[in-house]
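Chemist: Here it is, the structure, as structure tokens.
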Amino acid sequence: LETSIAAAVATIVADAVMTPLDVVKQRLQLAGSPYKGTMDCITSTLRTEGVQAFFKSYNTTIIMNVPFVSIHFATYESCKKLLRKSPEDEGLVTQIIAGGVAGGAAAAATNPLDVVKTRLQTSGTQYNTSSSYAVLKSIVSKEGYGALMQGMRPRIVFHIPAAAISWVTYETCKKFLSV
């Protein structure tokens, strides 16, 4: 329970800092982005939409990332138990596979919320709300449920190796530091 609470609080605090940066990144990555660079994006967004534009997707980010972390950790631990022959048998292959499966599962499960978050971050004033539910309903009514699966493959492909590398690094550091 303590670990879950700590992970949730860490996610909430980190996302408060990272969400505005993610908004700028997403807007600069759009095809035909009207911004000349990072500072132009920040100042133009502030001028036309106000500071709230940088936090429009914060609630959705939290709603997405807390389950992402929970699914990720639970899947990793479950996969490790399934893959190892004994509690002492936790080699590199077990960590890589368990980490990859955990990252992929968490990415797939939270993809619809990632679509909502991205739409909120890049829509400008298209959605006159920061409500995840209202944007979700709008996407489904205008584009169908399939729109919530957009970008799922690249998201999974990104998170599988990222999670595998992170878990192997974590487990290796934990082992060396406990010696």
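Chemist: Alpha carbon centre of segment 18-45 versus segment 59-117: separation in Å?
Modeler: 30 Å
Chemist: Mean-square fluctuation check for the chain, GNM, Cα pairs under 10 Å: which of 118, 48, 75 is largest?
Modeler: In the Gaussian network model the winner is 48.
Chemist: Additional query: Accessible area, 1.4 Å probe, largest first: how do 166, 33 sort?
Modeler: Most to least solvent-accessible, the answer reads 166, 33.
Chemist: Here's a follow-up. How large is ³J(HN,Hα), in whole Hz, for each residue of segment 148-156 in order, when computed from phi with the Karplus curve 6.51 cos²θ - 1.76 cosθ + 1.60 and θ = phi - 60°, using x for Gly and Pro?
Modeler: 6, 9, 4, x, 5, 4, x, 5, 5
Chemist: Here's another thing I want to ask about it. Please get the size of the charge dipole for the chain, origin at its Cα centre, with Cβ charges of +1 on Lys and Arg and -1 on Asp and Glu, quoted in debye to the nearest 20.
Modeler: That gives the chain a dipole magnitude of about 380 debye.
Chemist: Principal axes first, then extents: for the Cα atoms of the chain, list largest minus smallest coordinate on each axis, whole Å, largest first.
Modeler: For the chain, the Cα extents along the three principal axes come out at 58, 36, 32 Å.
Chemist: How do 145, 127 rank by accessible surface area computed with a 1.4 Å probe, from largest to smallest?
Modeler: Details: 145 170, 127 20 Å².
Reading off the accessible areas and sorting them downward yields 145, 127.
Chemist: Taking only Cα atoms, what is the 0 to 90° angle, nearest 10, from helix 58-83's long axis to the longest principal axis of the chain?
Modeler: The angle comes out at about 20 degrees.
Chemist: Which part of segment 1-21 falls in the paramagnetic zone of residue 133, meaning amide N under 16 Å from the point 7 Å along Cα-to-beta-carbon?
Modeler: none
Chemist: Send over a whole-number figure in Å² for the accessible area per residue of the chain, probe 1.4 Å.
Modeler: With the other protein chains kept in place, the chain gives 58 Å² per residue.
Chemist: Using a Cα distance threshold of under 23 Å, what count of lysine pairs results for the chain when pairs must be 8 or more residues apart or interchain?
Modeler: Close lysine pairs under the 23 Å cut-off: 15.
Chemist: Of 13, 95, 105, which is farthest along the charge dipole of the chain in the positive direction, counting Lys and Arg as +1 and Asp and Glu as -1 at C-beta?
Modeler: 105
Chemist: Could you work out Rg/(2.2 N^0.38 Å) for segment 77-179, with Rg from alpha carbons only? List each step's numbers first, then the result.
Modeler: Details: Rg = 18.5 Å, N = 103, 2.2 N^0.38 = 12.8 Å.
My calculation over the Cα atoms of segment 77-179 gives 1.44.
Chemist: Rounded to the nearest 500, what is the chain's calculated 222 nm mean residue ellipticity when only DSSP H runs of at least 4 contribute -39500 (n - 2.57) each, over all residues?
Modeler: -26500 deg cm²/dmol
Chemist: Follow-up. Roughly how many percent of the accessible protein surface of the chain is carbon and sulfur, given a 1.4 Å probe and a whole-percent answer?
Modeler: Reported share for carbon and sulfur atoms: 67 percent.
Chemist: Rolling a 1.4 angstrom probe over the protein chains, ignoring ligands and nucleic acids, what is the accessible area of residue 49 in square angstrom, nearest 10?
Modeler: Roughly 40 Å² of residue 49 is accessible to a 1.4 Å probe.
Chemist: Follow-up question, since we're still on this one. Under a 1.4 angstrom probe, counting protein chains only, how are 54, 73, 158 ranked by accessible area, largest first? Display every interim value, and only then the final one.
Modeler: Details: 54 20, 73 100, 158 135 Å².
Putting 54, 73, 158 in descending order of accessible area: 158, 73, 54.
The values are calculated or read from the model by the stated rules, or taken from the named source; none is laboratory data. Because the structure is predicted, anything quoted here is derived from the model rather than measured. Every residue, glycine as well, gets a Cβ built from its backbone with ideal geometry; the counts of neighbours run over all protein chains shown. Protein only, heavy atoms only, side chains kept; ligands, DNA and RNA dropped before computing areas. Shrake-Rupley method; radii C 1.70, N 1.55, O 1.52, S 1.80 Å.
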